[in-house]
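J.: The structure under discussion is supplied below as structure tokens; questions concerning it will follow.
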Amino acid sequence: MAETQQMKKSKTPSKGTPRAKQRISSDHLIAPQTPQSATPAAINLRRSHRLSAATPESHPVLSTCDTPQSVTRTTKNLKNPTSILPTTISITPASPQPTESRRKRKFQEKSVASAERKKDLTSGKCRRADNKVKQKVYYKKVVYDSGEFSAGHDVYVKKRSDASSDDEDPEVEECRVCFKPAGRRVMIECDDCLNGFHLKCLSPPLRAVPEGDWMCNYCVAKKNGEMVEFAEPPAGKKRARTAREKLLSSDLWAARIESLWKEVDGTYWFRARWYIIPEETAVGRQPHNLRRELYRTNDFADVEMESIIRHCSVMSPKDFANAGSEGDDVFICEYEYDIQWHNFRRIAEIDNNEDDGERVDDDDDDDDNDWSSCDEFDSDSKEDVVYEHEKKTRLSHASLLHPVAANSRKGRIFGLQKIGAKKIPEHLRCHKQTDLEKAKSKLLLATLPKSLPCRDREMDEITTFIKGAICDEQCLGRCLYVHGVPGTGKTMSVLAVMRNLKSEVDAGSIRPYCFVEINGLKLASPENIYSVIYEGLTGHRVGWKKALNFLNARFSNENKCGKDTRPCILLIDELDLLVTRNQAVLYNILDWPTKPNSKLIVIGIANTMDLPEKLLPRISSRMGIQRLCFGPYNYQQLQEIISSRLKGIDAFEKVAIEFASRKVAAVSGDARRALEICRRAAEVADYRAKKTALSGSDASGKVVAGMADVEAAIKEMFQAPHIQVIRSSCKLSKIFLAAMVYELYKTGMGETTFEKLAMAVSCFCANNGETFPGYDMLLKVGCKLGECRLLLCEAGTRHKLQKLQLNYPNDDVTFALKDSKDLPWLAKYI
Amino acid sequence: MPAFAARRQSLSSDPTYETRVAITPRKSRLRSDSDAAIGSPLRKSPRLCKEGGPNSSPKIDVIRKCLKSSLNLSGSPQEKRLYENFVERQTWDPREETQLRAVNEALHVSTAPTNVVCRENEQNRILDFCKKCVKEEKAGSLYVCGCPGTGKTLSMKKVQVMLVDWANKEGVQPPDILSINCTSLANMSEIFSKILGQNHSGKNSSRSTSSLQQLHNLYSQQQPGMKMILVIADELDYLITKDRAVLHDLFMLTTMPFSRCILLGVANAIDLADRFIPKLQSLNCKPMVITFCAYSKDQIINILQERLRALPYTVFQPQALELCARKVAAASGDMRKALAVCRSAIEMLIGDSVLSSLDETQDQQKPAANGTMSNQVRIDHVAAALSKVYKSPVVDIIISLPQHQQIILCSAVKLFRGGKKDTTLGELNKYYVDVCKSTSIPPVGILELSSMCRVLDDQGILKLGQSREDKLRRVTLKVDGADIVFALQGIRFFRNCLQ
């Protein structure tokens, strides 16, 4: 991987002049923007000069155009370099009112489909009288400080601490030797230290930009182990560092604008998603990192627009390879870095997943919405303003609602709530949610409940297991096997435990560790798990053979990898899918914890109880004896789970919940199914309520889901589809099936031939005044029934001698045909 | 603006950064801590001090006496010897973290003991073989087999070290050592390139020929001064391919006229060499076979004691160790299991002591003697840990199953009463519906039934065969019918059905 990236990079210079810095020496034209160290009063004063060109629209309908899809589209558009360097600002058509002087800050808002939202629209709970005045106004695009910013742009952001050093912000890089800006002469960039040099200043001077990688003399000398000193700048002139250099030495931040808004007091803010340089990750800079590589984090903060310096552009590797003349401020970003778990995820994968999720969710019922915002306001209504960032930040979760200090965000979790189906994106609704609708959304599988009842003992056990392993100074490897039938909360409990531990890590009581989660179903082949693990640990993707070697070295060699000494927790869901023919994958994974200094903890989850016994003895010997069984829920537990989700919502009769949970507990004890039944029951009740409301009758009585609704939902779920198929089939098929049942009953055999059956059918028809359709027709009907597998029949070529068999029990067919309206006489034969 | 300051703060107060700085000093402090604990034998455990208060010394004496008297009750000479060094030792406090850590470390699989006991005989045989080969500069092969957890890999590591020591002492040129675990090979024939790479690194000029070919060339002509190479191939049976070529070639290397390769293969199967490389027999160079038998009860006790000897306090009651050893030896003789049982027994003890300390805070009048006894792992802890491993959970699982699944099992038992071994899903459905009707419970449909059977299959109670038709899938019981009857008898609902 590293090699290919290098290749790409080396290709770029050969393509033309991307790395050759041809800069206009426009140094004096652009006054560096002075950072305003901020007393609020000063800000207000300054802001008062600004003009608001367009008043933001406040119609709630507009906000619907801001669906997640449209956001994605805008971010995609961003990829082409809209980032405007201040050097070119004069020719951009961005500001309709041209600014005469740069120092005088003109401010305009474009209400390009301004996604503005009133708080009282979101939900009844947050309705307040005085919020007409106090409201945030959201914009898609803001022209600020003669730069145009919109959601999705990447910018440099000042670090407050050393504001003074931000004063000089040279737009042009100076030559490292003569300390003059590029001017008309061509500059070349060293591929190692990223310094710029005039071609003339080099020794020996170059005539043209060379093909391929080029390293400056300093770097070459450094590589050879010599001590090099860069030329000292001439007296009186301080060497100005470019923003890029500052960023890479972490004196600046880079951030991506997620959304922009105007505060109540008139200040402009944006939500920043931080980028970090490889040095800031837990593993530090690794050999495969490129010089210009950044990682996108899942860390957000609300920052004032004041602190933006200017645009930069962060690109995917593909765009980076094709990058043309963006200048010095180009960076490459391939991975997202999880600041909680310290692991890496490929950005392309994340985006793909989300797109899929959204598509699926839109097919789902759109009525489920908005719940989490109301919900949030129940718990922490700190803010005056509703901020539905959920739509924009896509990956983040509701816990980030308010601009808290970054510290207070610790212990909250990102990206973990992916149990069951995907979360449905929120849409703004004008009407107040009824209890039934709230209940529906609460019962969704994708909704993460606040508490996990009924699994306290198991969670305790997992917690002690992990704690016992990682609390030690030198962490001893262990292995835990979690098993249980589907829908009993295995994955959820483990993830909940990890969440709790995470907050303890943040509190400082536990040493940090890294956590890699793998689902066996998502692997293309069992061997791929090596490369997935390796990628999760280092953010570097290699083939599985190479990854296996690296991992072997990491886990078995105590001295070599002194750098990353954190213990590692490996959670493998669906462990049984890793069983290969010779079971080498499982052997390797379970062998690592038994090595000294491996610091590896393996938690395997699967459905099968006896997986360790099915494995080779050498593997089950290494697996250890730690097991944890998740039994199926009994009805009290299911009842508790459902009612804990519905706490505070009066939508269900208590009996109805008990009925549903008893029904499920008797068959499977699967919590997912119980939730689904209740959700469906709520839908049925909701439908009923709406119908009564439409019909105009006085619908003052509150509709709650009762026994009948649950009954209907259960019938829908448990009743086999074949009965419905039989009921809705045509007349002739019904007669055919009835004759079949009759024939089978009469003979007492398991199967019959077509000939005998045709006799029975003709007999039926003659006695009841139907016309006999003829053999050919009957044969066709038989084939059709065979195709939908109500019958099992031999190939049609045998005609009369064809053997027929019912695929479903006789009783089912009888039950389905008993009270058919169009053929009442069938009942007497059955 | 506040967000900004916060962000900066967050970085500086990020726990990773802090701890990274803090790790080193803490480590050194801890080491000195444990040193102190080991160095001063008179150090009382803090719990005792706390309990006793100012007039604690007489109480402790009483405790010691109690201990002695209680332990001298049993008579056999061997046990007496065990107790002697036991009484002299200090009491162990499981709540002391450093001590607990030391014990856990001593009992962990990854920490190899300094001297491997109970395998001296096998080690010496392997070592002698290697010595002979090195001395005579003659190739040879050896095959080590044995059950998992019998110390094969550990002994091989030991032999490596001893061989090098011996070679240095004797002034013989020590052989190159290559130790491979065959599971970690991405490709079977990679083993040859590894051997070759070890043989003469950097010199291989011809890339066109395969490494096996090169090895053949190397070993077929006399080359003076070539070093011996000792190849230890762990989990040898992963090299078995369909045509067994790799395994065969590997062993054939040792039969080349000027071969310098000593091959030590390790695997579980006792007859791997006979079964898969019969050709070797005809060439009269069958590898010598050394078998690692499963550990006996005495050996397990020995090893456990050896591991615990380094600790300055007694952790296990001797009877507890013996129980553990007997059970494990009877079942599999797997040392890893024995160690795991010991560790989980310690966890149980800690759980107990947490409970008892809770009790103590509630009533102070509790007799102190009781408290000291809880400082050792007793028989009941080990028994509980063992039952976690060896007890069959079938009955518990059946009792906790949902009702309809229990009905399925009930009908299956009835179905198989007549001596039938297996049936189809359709047949089972009939019986199931009968049972449901007789107890007036509405039966579920056949689709639901088949999905329930799949769940039971997952839990290892039924076995569901493959078939194109759902209805025709074979169903067999995987647990004993008597178990099911026993489990269901406790439920009144089924009592009538099973009559």
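J.: Conditions first: (1) open to solvent by 10 Å² or more (accessible area, probe 1.4 Å); (2) modelled with pLDDT of 90 or more; (3) within 12 Å of another protein chain (Cβ to nearest Cβ). A:ASN519 passes all but one, so which condition is the exception?
T.: Unmet for A:ASN519, out of (1) open to solvent by 10 Å² or more (accessible area, probe 1.4 Å); (2) modelled with pLDDT of 90 or more; (3) within 12 Å of another protein chain (Cβ to nearest Cβ): (3).
J.: Please find, among A:LEU779, A:LEU806, A:LEU791, the residue that is more than 49 Å from the chain's Cα centre (by Cα) and closer than 29 Å to B:ARG468 by Cβ.
T.: Exactly one residue qualifies, and that residue is A:LEU779.
J.: Condition first: assigned to a strand (DSSP E or B) and of a type in the set (A, V, I, L, M, F, W, C). Now tell me which residues in region A:610-634 satisfy that.
T.: The answer is A:LEU628, A:CYS629, A:PHE630.
J.: Return the residue satisfying two criteria in turn: it lies in region A:811-820 and is touching a residue at least 12 places away in the same chain (Cβ under 8 Å) and not hydroxyl-bearing (Ser, Thr, Tyr), and of such residues it is most open to solvent (accessible area, probe 1.4 Å).
T.: A:LYS818
J.: Do we have any residue at all in region B:459-479 that's part of a helix (DSSP H, G or I), within 11 Å of chain A (Cβ to nearest Cβ) and more than 23 Å from A:GLN719 (Cβ to Cβ)?
T.: No: zero hits.
J.: Scanning for something closer than 19 Å to B:ALA273 by Cβ, at pLDDT 85 or above and part of a helix (DSSP H, G or I), does region B:145-154 turn up at least one residue?
T.: Checking region B:145-154: at least one residue is closer than 19 Å to B:ALA273 by Cβ, at pLDDT 85 or above and part of a helix (DSSP H, G or I).
J.: Now a separate question. Here are some residues: B:ILE180, B:ILE191. Which one is in contact (Cβ under 8 Å) with a residue 40 or more places away in the chain, in a helix (DSSP H, G or I) and closer than 27 Å to A:GLU527 by Cα?
T.: B:ILE191
J.: Here is a follow-up. Which one is nearest to B:ILE262 (Cα to Cα) among residues in region B:287-304 that are open to solvent by 40 Å² or more (accessible area, probe 1.4 Å) and in contact with a strand residue (DSSP E or B) (Cβ under 9 Å, 6 or more places away or on another chain)?
T.: Top of the filtered list is B:MET288.
J.: Among residues belonging to region A:717-739 that are open to solvent by 30 Å² or more (accessible area, probe 1.4 Å) and within 18 Å of B:SER450 (Cα to Cα), point out the one that is farthest from the other protein chains (Cβ to nearest Cβ).
T.: A:MET717
J.: So for region A:752-767 (the condition being within 14 Å of chain B (Cβ to nearest Cβ) and outside any helix (DSSP H, G or I)), does at least one residue qualify?
T.: Kept after step one, since they are within 14 Å of chain B (Cβ to nearest Cβ), are these residues of region A:752-767: none.
Taking every residue of region A:752-767 in turn, none turns out to be within 14 Å of chain B (Cβ to nearest Cβ) and outside any helix (DSSP H, G or I).
J.: Considering region A:650-672 alone, what residues qualify as being surrounded by fewer than 20 Cβ atoms within 10 Å (Cβ to Cβ) and in contact (Cβ under 8 Å) with a residue 60 or more places away in the chain?
T.: A:ASP650, A:ARG672
J.: Report whether or not B:CYS118 is within 14 Å of another protein chain (Cβ to nearest Cβ) and of a type outside the set (Val, Ile, Thr).
T.: No, not satisfied.
J.: Filter region A:768-810 for residues that are open to solvent by less than 50 Å² (accessible area, probe 1.4 Å), in a helix (DSSP H, G or I) and closer than 27 Å to B:GLU427 by Cβ and give the result.
T.: The answer is A:GLY782, A:LEU785, A:GLY786.
J.: From the list A:LEU199, A:LEU248, which one is modelled with pLDDT of 75 or more and not β-branched (Val, Ile, Thr)?
T.: A:LEU248
J.: Additional query: Across region B:260-301, what is the total count of residues that are out of contact with any helix residue (DSSP H, G or I) (no Cβ under 9 Å at 6 or more places or on another chain) and of a type in the set (D, E, K, R)?
T.: Of the residues in region B:260-301, 2 are out of contact with any helix residue (DSSP H, G or I) (no Cβ under 9 Å at 6 or more places or on another chain) and of a type in the set (D, E, K, R).
J.: Can you name the condition, by its number, that A:VAL703 falls short on among (1) over 37 Å from the mean Cα position of the chain (by Cα); (2) among the β-branched types (Val, Ile, Thr); (3) away from every other protein chain (no Cβ under 14 Å)?
T.: (1)
J.: Of all residues in region B:151-174, which are open to solvent by 60 Å² or more (accessible area, probe 1.4 Å) and over 25 Å from B:ARG307 (Cβ atoms)?
T.: Scanning region B:151-174 gives B:ASN168, B:LYS169, B:GLU170, B:GLY171, B:GLN173.
J.: I'm trying to understand the selection: among the residues of region B:387-416, which are among the basic types (Lys, Arg) and either touching a residue at least 12 places away in the same chain (Cβ under 8 Å) or open to solvent by less than 60 Å² (accessible area, probe 1.4 Å) (or both)?
T.: B:LYS388, B:LYS414
J.: Can you name every residue in region B:467-488 that is open to solvent by 40 Å² or more (accessible area, probe 1.4 Å) and at pLDDT below 85?
T.: B:SER467, B:ARG468, B:ASP470, B:LYS471, B:LEU472
J.: Step by step: first the residues of region B:420-451, then only those that are open to solvent by less than 90 Å² (accessible area, probe 1.4 Å) and acidic (Asp, Glu), then the one that is nearest to the other protein chains (Cβ to nearest Cβ). Which residue is that?
T.: B:GLU448
J.: Hey, A:ALA321 hits all of (1) in contact with a strand residue (DSSP E or B) (Cβ under 8 Å, 6 or more places away or on another chain); (2) open to solvent by less than 20 Å² (accessible area, probe 1.4 Å) but one; which does it fall short on?
T.: (1)
J.: Report, ordered by the first and then the second residue, all pairs with beta carbons closer than 8 Å, sequence separation of six or more or different chains, a first member in region B:298-326 that is over 14 Å from B:ILE379 (Cβ atoms), and a second member that is of a type in the set (D, E, K, R) and modelled with pLDDT under 85.
T.: Going by the 8 Å Cβ cut-off, the qualifying pairs are B:PRO312/B:ARG89; B:TYR313/B:ARG89; B:THR314/B:ARG89.
J.: Also, quick follow-up: Name the pairs: first residue in region A:622-637 and farther than 24 Å from A:SER661 by Cα and touching a residue at least 12 places away in the same chain (Cβ under 8 Å), second residue open to solvent by 20 Å² or more (accessible area, probe 1.4 Å) and among the acidic types (Asp, Glu), Cβ to Cβ under 8 Å, at least 6 apart or on different chains?
T.: Note: pairs meeting the criteria are A:LEU628/A:GLU461.
J.: Would you please name the residue that is nearest to the other protein chains (Cβ to nearest Cβ), looking only at residues in region A:575-588 that are open to solvent by 50 Å² or more (accessible area, probe 1.4 Å) and over 17 Å from A:SER621 (Cα atoms)?
T.: The residue in question is A:ARG581.
J.: Looking at (1) part of a helix (DSSP H, G or I); (2) open to solvent by less than 20 Å² (accessible area, probe 1.4 Å), can you tell me which one A:GLN637 breaks?
T.: Tallying (1) part of a helix (DSSP H, G or I); (2) open to solvent by less than 20 Å² (accessible area, probe 1.4 Å), A:GLN637 fails exactly one: (2).
J.: Same structure again: Do you know which residues across region A:709-763 are in contact with a Phe, Trp or Tyr (Cβ under 7 Å, 6 or more places away or on another chain) and within 13 Å of A:TYR775 (Cα to Cα)?
T.: Selection gives A:ALA758, A:ALA760, A:VAL761, A:SER762.
J.: May I ask you to list the residues in region B:449-461 that are closer than 18 Å to A:ILE723 by Cβ and without any contact (Cβ under 8 Å) to a residue 12 or more places away in the chain?
T.: The answer is B:SER451, and nothing else.
J.: Answer yes or no: is there a residue in region A:468-490 that is open to solvent by 30 Å² or more (accessible area, probe 1.4 Å) and more than 10 Å from chain B (Cβ to nearest Cβ).
T.: no
J.: Filter region A:596-634 for residues that are open to solvent by less than 30 Å² (accessible area, probe 1.4 Å) and among the charged types (D, E, K, R); which is farthest from the other protein chains (Cβ to nearest Cβ)?
T.: For region A:596-634, the residue satisfying everything is A:ARG622.
The values are calculated or read from the model by the stated rules, or taken from the named source; none is laboratory data. This is a predicted model, so every value here is computed, not measured. Counting neighbours? That spans all protein chains shown, and the Cβs are built from the backbone with ideal geometry, glycine included. Only protein heavy atoms, including side chains, enter the accessible area calculation; ligands, DNA and RNA are left aside. Shrake-Rupley method; radii C 1.70, N 1.55, O 1.52, S 1.80 Å.
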